[in-house]
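The structure under discussion appears below in the form of structure tokens.
Throughout, read-outs are computed from the coordinates displayed, never taken from laboratory work. On a predicted model such as this, the values are computed, not experimentally measured, just so you know. As a convention, Cβ positions derive from the backbone with ideal geometry for all residues, glycine included, and neighbour counts pool all protein chains shown.
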Amino acid sequence: MHNSIWRKLYEEATSLVKTEPLLASYVYACILNHNSMGSALSFLLANKLSDEVMPAIAVRELFDAAYSNAPDMIVNAVHDMQAVFDRDAATNSYLPILLFLKGYQSIQVHRLAHFLWKNNRKELALFMQSRNSEVFGVDIHPACVMGKGIMFDHATGIVIGETTVIEDDVSIMQSVTLGGTGNETGDRHPKIRSGVLISTGAKVLGNIEVGVGAKVGAGSVVLEDVPPHTTVVGVPARKVGKPCSELPAQTMDQNVFNDESGPAGHCVL
């Protein structure tokens, strides 16, 4: 999967420089001058994260070292890219995901911050969190544990707390908070299980669990556990039915009225 997606990225980049000459130098710098996904990712993200006091070459060295020591980071990045390609109705090629989609990019920055955090470089991890927030508008504590196949759609305004766990194949829309309920300490943030869709503007607060294949409706405030394969909506959120899909993260259907409701419920497919 890794090599096949890199080949597709390279082919799409080669085609783009022929049809859009104004982007040629950018595409060469970000894609065509590289021989692997990791090399392209480290170059692109380092140049976005660098500032007056942290040069791009230093940031790139951090990415390259992390990718060398934890190759699963590249595997996860590939799964994240495939998730966007499969789920985003506005995306029909791979190249724009890498070059332009800040949701995808911010997840890869978090993966570096998390690697640094686990390796006891916590101040540097917090620096990466800060730059992620400043550059992409996404604020994720470096200790947050995140699986693969994660999609942040639009991404602006996403906030995720320290003890949050996000399992594989989760989709999160813009303006979502996975946070605590106050200034409590210890394990205080949500656990988001696989296949979950968290819709636009939802707030999931406290050490609670959103079960496998659940859906959180737009604008909801979730303060209690959500059972697997359940749709919740409202302030505070309440159960209103069951998602039509076993994995709502893949369908990206935010309309709770399309879900089953009660024993005589229906699905609009």
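Compared with the dominant principal axis of the Cα atoms in the chain, helix 102-118 is inclined by about 90°.
Legend: calculated FRET efficiency, Glu11 to Leu126, from the Cβ-Cβ distance at R0 = 41 Å, rounded to 0.05, equals 0.60. With each label modelled as a point 7 angstrom along the Cα→C-beta vector, the Asp51-Glu246 pair spans 4.6 nm. Restricting the range 66-128 to trypsin sites (Lys or Arg not before Pro) that sit in a DSSP loop and have at most 14 other Cβ atoms within 10 Å of their own Cβ leaves nothing.
Over 26 Å between Cα atoms: which of Lys48/Lys118; Lys118/Lys215; Lys203/Lys242; Lys8/Lys48; Lys8/Lys203; Lys48/Lys122 fall into that group? Those over the limit are Lys118/Lys215; Lys8/Lys203. A convex hull fitted to the Cα coordinates of the chain yields 126 cubic angstrom per residue.
Dividing the helix sum by the residues of the chain, where each DSSP H run of 4 or more adds -39500 (n - 2.57), gives a mean residue ellipticity at 222 nm of -12500 deg cm²/dmol. For the range 71-77, 3J(HN,Hα) computed residue by residue from phi via the Karplus equation (6.51, -1.76, 1.60; θ = phi - 60°) reads x, 4, 4, 6, 4, 5, 4 Hz, glycine and proline entered as x.
Charged neighbours of Lys242, selected by a Cβ distance under 12 Å, balance to -1 (K, R count +1; D, E count -1). Using θ = phi - 60° in the Karplus curve 6.51 cos²θ - 1.76 cosθ + 1.60, the 3J(HN,Hα) couplings for the range 236-243 round to x, 5, 9, 6, 10, x, 9, x Hz; x is entered for Gly and Pro. With respect to the chain, whose longest principal axis is taken over its alpha-carbon atoms, helix 56-69 is tilted by about 70°. Summing Lys and Arg as +1 and Asp and Glu as -1 over all other residues whose Cβ lies under 14 Å from the Cβ of Gln254 gives a net charge of -2. For the range 1-56 versus the range 177-197, the spacing of their alpha-carbon centroids is 34 Å. Between Val75 and Lys239, residue separation times 0.36 nm minus the direct Cα-Cα distance comes to 55.5 nm.
Cα axis of helix 37-49 to longest principal axis of the chain: angle in degrees, 0 to 90, nearest 10? Roughly 80 degrees between the two axes. The Val145 and Phe257 beta-carbon pair, evaluated with R₀ = 30 Å, returns a calculated FRET efficiency of approximately 0.35. Charge tally for Thr19 (other residues, Cβ to Cβ under 15 Å; Lys, Arg +1; Asp, Glu -1): -2. Among the GluC sites (Glu not before Pro) in the range 1-92, those located in a DSSP loop and surrounded by at most 11 other Cβ atoms within 10 Å of their own Cβ are Glu52.
Per-residue Karplus couplings for the range 206-216, computed as 6.51 cos²θ - 1.76 cosθ + 1.60 with θ equal to phi - 60°, are listed in order as x, 7, 10, 10, 9, x, 3, x, 7, 10, 10 Hz, Gly and Pro entered as x. Once both labels are positioned 7 Å from their Cα atoms along Cα-to-Cβ, the gap between Thr156 and Asp64 label points is 3.5 nm.
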